[in-house]
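Have a look at the structure below before the remarks.
Read-outs throughout are calculated quantities, based only on the coordinates presented, and are distinct from any laboratory measurement. These numbers were taken from a predicted model, which means no experiment stands behind them. Backbone-built Cβ (ideal geometry, glycine too); neighbour counts: all protein chains shown.
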Amino acid sequence: MADISAIFFLLLIFGIAFPAMLTAWWLLFPNLIARAQTRIAQSLASSFWLGLLVVIVLAVPIVILLALPFGLAKFFGWIFLGAALALSSVGSAGIVAHLGERLTSHSHVSPLNGFIRGAIILELAAFFPVLGWLFVWIPMLIIAFGASGFALLNWMPRVKADKETSIQVETQQYAVRNT
């Protein structure tokens, strides 16, 4: 019975700690999280592919270090794994900020309330057995790595020109040349 209680309370603590950690990132580093959110909102596919590349690049040395029979190598493998997960939490906060922004646009809640609700929604969706593990948690983790990479490198998506603006500029240039 003590094992079941321990598992239950560990899951409860992690369930409370995850939204709190993401909220702390959002409040401490608003510009970084806003860049990750912009990447998620405007170029989700690019975030996924960069995230897949980052996951592969990070996974190779971590797996090698954890497979070595030396204690110091295993220690550094666990340190690198923790650092990689901390890196992905920036992108996760960007995903949650995007969810929170969508929630606040459809209801009358504050941005902080929307952010926390978005964190809980993401957490519960990823916690759902099998479907959440395969189709929510894994893709969101990869996208989070990509969004983190873009946000830390300060690479913003290209701004697409409006068709009306480009037509207006062409007409003005044509009018100037013919006068």
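Once you list every other residue whose beta carbon is under 10 Å from the beta carbon of residue 42, what net charge do they have if Lys and Arg are +1 and Asp and Glu are -1?
Neighbourhood net charge equals +3.
Cα-based Rg (one decimal) and Dmax (whole number) for segment 1-123, in Å?
For segment 1-123, the Cα radius of gyration and maximum Cα-Cα distance read 17.3, 56 Å.
When the Cα centres of segment 82-99 and segment 1-48 are compared, how far apart do they sit, in Å?
6
Only four residue types carry charge here, +1 at the Cβ of Lys and Arg and -1 at the Cβ of Asp and Glu. Report the dipole size of the chain about the Cα centre in Debye, rounded to the nearest 20.
Roughly 320 debye, rounded to the nearest 20.
By per-residue mean of other Cβ atoms within 10 Å, what is the highest-first order of 78-86, 62-70, 7-15?
78-86, 62-70, 7-15
For each of 49, 25, count neighbouring Cβ atoms within 10 Å of the residue's Cβ, then give the residues from fewest to most.
So the ranking, lowest neighbour count to highest, is 49, 25.
Using only Cα atoms, tell me the angle between helix 138-153 and the longest principal axis of the chain; keep it within 0 to 90° and round to the nearest 10.
On a 0 to 90 degree scale, this one is about 60.
Restricting to DSSP H runs of at least four residues, report the calculated mean residue ellipticity at 222 nm for the chain, -39500 (n - 2.57) per run over all residues, nearest 500 deg cm²/dmol.
The helix-only estimate for the chain comes to -28500 deg cm²/dmol at 222 nm.
What net charge do the residues around residue 149 carry, taking every other residue with its C-beta under 14 Å from that of residue 149, with Lys and Arg at +1 and Asp and Glu at -1?
Charge balance near residue 149 sits at +2.
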